[in-house]
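The values are calculated or read from the model by the stated rules, or taken from the named source; none is laboratory data. The model shown is predicted, which means the values in this text are computed figures rather than measured ones. For neighbour counting, all protein chains shown are included, and Cβ atoms are generated from backbone atoms with ideal geometry for every residue, glycine included.
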Amino acid sequence: MPQTIRILGVHGLGKQEANWFEEWKATVRKVYEHSSVQLEFEACYYDPIFDDVDLSVGEIARAAFLLGRSGIENVFRRERGLFDRIEWTAGYVVAWVSDKGFQAQSRALFLDKVKTFKPHIILAHSLGSLVTYNALSHPDAKADDTARVLKAAHYVTFGSQLANDFVKGNLANGRLKPLPNVRRWWHLFNPADPVFTKRISLPEATNFTQVLTPFGGGLAAHNSSGYLGHAQAVAQFWRPFEASAMGASKLFGFGPQPAKARARPQRETKGRRRALLVGINDYIDPGSRLEGCVNDVFAMSAVLQECGFAPDEIRTCLDRRATAQGIRERLEWLLEDARPGDERVFYYSGHGAQMPEYGPDDEPDRLVETLVPCDFDWSMDTAVTDEHIAGLYSQLPYDTRLAMIFDCCHSGGIHRQGGARPRGINPPDDIRHRQLKWDAKAEMWVDRDFERINPEFATSNKTNAEFFGKSGAKLRLGRAAMLRAETAQAEYRRAKAQEGIVGPYLPLIIEACAEDQFSYEYRHGATSYGAFTFTLASLLRKRAKITFTELVEAAREQLAELQYAQTPQILGPTQVVNAQVPWRTGGAGRGGPPGSATPRLSG
């Protein structure tokens, strides 16, 4: 006997026309046109909630900035003629995310539809995915009648902004959670979709599947029918669901009885350790070239192998291969498929920089720390900032051990012929002008005062400075700072009290110097190294048992004794920084105290 599949649709960004759901129904019916299954549809239409919302031009511009600041230039600057569409893309997302009243209304509307219609499939597009995620992750979804329905339902999101940093920071305290109360969560992802979408990473979820659905370009890549009718969506979701509905397969557990979620298939990886080591001497600009960074990489690789890493668990990225794209691609390899207990190491030796970033008013409003790839040209496209990599590490399982080690600084450096060569580059004059202002009284150029990013982030100025710098207006590497900055503190404290650990993953961060210092170069005979890296490698070889905190403190002491004006820093969860280094040798060590040292200011 033919089965009936009940499908509940939740539309995307605001101002939807009446025919939106007809298009969805036509797409699904075409998929099943040769099937005997019966389809029953119901729409959840929440646009009336926004009837009284009238967004100003300034509010729309701010919304586009907040959603588009993920490290790639805003789509609305790349494509002309889209400003009229910004209101229903950025504006409504930010209005809904920022308003608890809107969320409560849409949550009640959606959960009531679930309870009365009892869907087998929930389709949620764009803003609809935020509305539904908010409801499904809320205690309101635990009501008995609603919970029984959801346990048998498949949840499908597409064209979603859920993983966008602003949305995640405000809606989910900086970290998306699995949804164990649905049978399975399917996420259709189109890399070409420009409407502030991002790939979702949920490594801890056992009932989450991401399906790659590339199509179109521009706003056409956000089209809901393009997602629902995509060949991969049909092959991986619609066809298997049909087979389950007809009784030919128990894969999807069709029907009202809850089934145990299948474990998420994981691609086999060899070993539980990975390391990515980046070193750049050969910058395109001859005046920026360094000497010891490649040697640093080989020194760290040797130490890691002495400490138990296999050679094939370590990848290097050196000189002209270390472009922005090259580093990002290898970071994806480093952090993909991370599981609790895995050990991952990212080491960088090269230039660092800080660059002024434009805000919603197209005026510089903060500084951003960045690594300097070999093709760096002072644009976000060629930078590697925390916002570029936070999406890779912020959702890691809390028990994954990720260490990020930076032998660079971000305060710039001045190189004179025959003097110390910096690992931090100064910006060209047009970039430097962004962070300066003219003091008419002193008749001098002075640093601009940027507004603090989030003064309520932490209870102490020290902790706030660790994430946002001494000025409170700098985005620092490895902190997932904007995910924390956007989170309302009252909401964060409430969630932490109810759920325990919340918020984005924080890696162990070890830095060669303090925020306003340089990192120096040491010449070991005729061979150059970073003084910090050489010291670190020496200590790891000599100390059989040492915690991360003790390691950094010992490096500080040794560098201070040798009169290096740099103070290594450590940041991370307390239980991690106080834990023993898991990869150590404790050998006799061949690296004694550095002898004749030539300072290399490294930034």
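Can you work out which of the residues in region 558-585 that are of a type in the set (Val, Ile, Thr) and not in a helix (DSSP H, G or I) is modelled with the highest pLDDT? Taking the candidates together, the pick is Ile570. Among all positions in region 375-390, there is at least one residue which is over 18 Å from Leu483 (Cβ atoms), without any contact (Cβ under 8 Å) to a residue 40 or more places away in the chain and in the same structural domain as Asn426 (by TED's automatic domain parsing).
Within region 285-306, being crowded, with 19+ Cβ neighbours inside 10 Å and part of a loop (DSSP other than H, G, I, E, B) holds for Leu290, Gly292.
Per the conditions (1) modelled with pLDDT under 95; (2) crowded, with 21+ Cβ neighbours inside 10 Å; (3) in contact with a Cys (Cβ under 8 Å, 6 or more places away or on another chain), the sole criterion not satisfied by Asp282 is (2). In region 210-222, the qualifying residues are those that are surrounded by fewer than 20 Cβ atoms within 10 Å (Cβ to Cβ) and in a loop (DSSP other than H, G, I, E, B), and the one that is modelled with the lowest pLDDT is Gly217.
How many of the residues making up region 508-554 are in a loop (DSSP other than H, G, I, E, B) and under 24 Å from Val294 (Cβ atoms)?
Matching residues across region 508-554 total 7.
Exactly one residue out of Arg274, Arg239 is modelled with pLDDT of 85 or more, within 19 Å of His187 (Cα to Cα) and of a type in the set (D, E, K, R): that is Arg239. Among the residues of region 323-348, the one identified as assigned to a loop (DSSP other than H, G, I, E, B) and closer than 21 Å to Val294 by Cα is Thr323.
Per-residue answers, yes or no, for (1) modelled with pLDDT under 75; (2) closer than 21 Å to Cys409 by Cα; (3) not assigned by TED's automatic domain parsing to the domain that holds Ile405:
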residue	(1), (2), (3)
Glu451	no, no, no
Gly478	no, yes, no
Arg493	yes, no, no
Leu506	no, yes, no
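For region 130-137, the count of residues that are of a type in the set (Val, Ile, Thr) and within 17 Å of Ile200 (Cα to Cα) is at least one. Scanning for something of a type outside the set (D, E, K, R), surrounded by fewer than 19 Cβ atoms within 10 Å (Cβ to Cβ), at pLDDT 90 or above and not in a helix (DSSP H, G or I), does region 188-202 turn up at least one residue? Looking for residues that are of a type outside the set (D, E, K, R), surrounded by fewer than 19 Cβ atoms within 10 Å (Cβ to Cβ), at pLDDT 90 or above and not in a helix (DSSP H, G or I), one finds at least one in region 188-202, hence yes.
Could you pull out every one of the helices (runs of 4 or more DSSP H) wholly within region 68-182 that has 3 or more residues that are touching a Cys at 6+ places or on another chain (Cβ under 9 Å), at pLDDT 95 or above and outside the structural domain of Trp378 (by TED's automatic domain parsing)?
100-117
Among the residues of region 308-355, which ones are hydroxyl-bearing (Ser, Thr, Tyr) and in contact (Cβ under 8 Å) with a residue 60 or more places away in the chain? Spell out how you get there, then give the answer.
If we filter region 308-355 for residues that are hydroxyl-bearing (Ser, Thr, Tyr), which is where we start, we get 316, 323, 347-349.
Within region 308-355, Tyr347, Tyr348, Ser349 qualify.
Taken as a whole, region 381-391 holds at least one residue that is touching a helix residue (DSSP H, G or I) at 6+ places or on another chain (Cβ under 9 Å) and surrounded by fewer than 17 Cβ atoms within 10 Å (Cβ to Cβ). Residues that are in a helix (DSSP H, G or I) and either buried (at least 17 other Cβ atoms within 10 Å of the Cβ) or not assigned by TED's automatic domain parsing to the domain that holds Val278 (or both) within region 308-318 comprise just one, Glu313.
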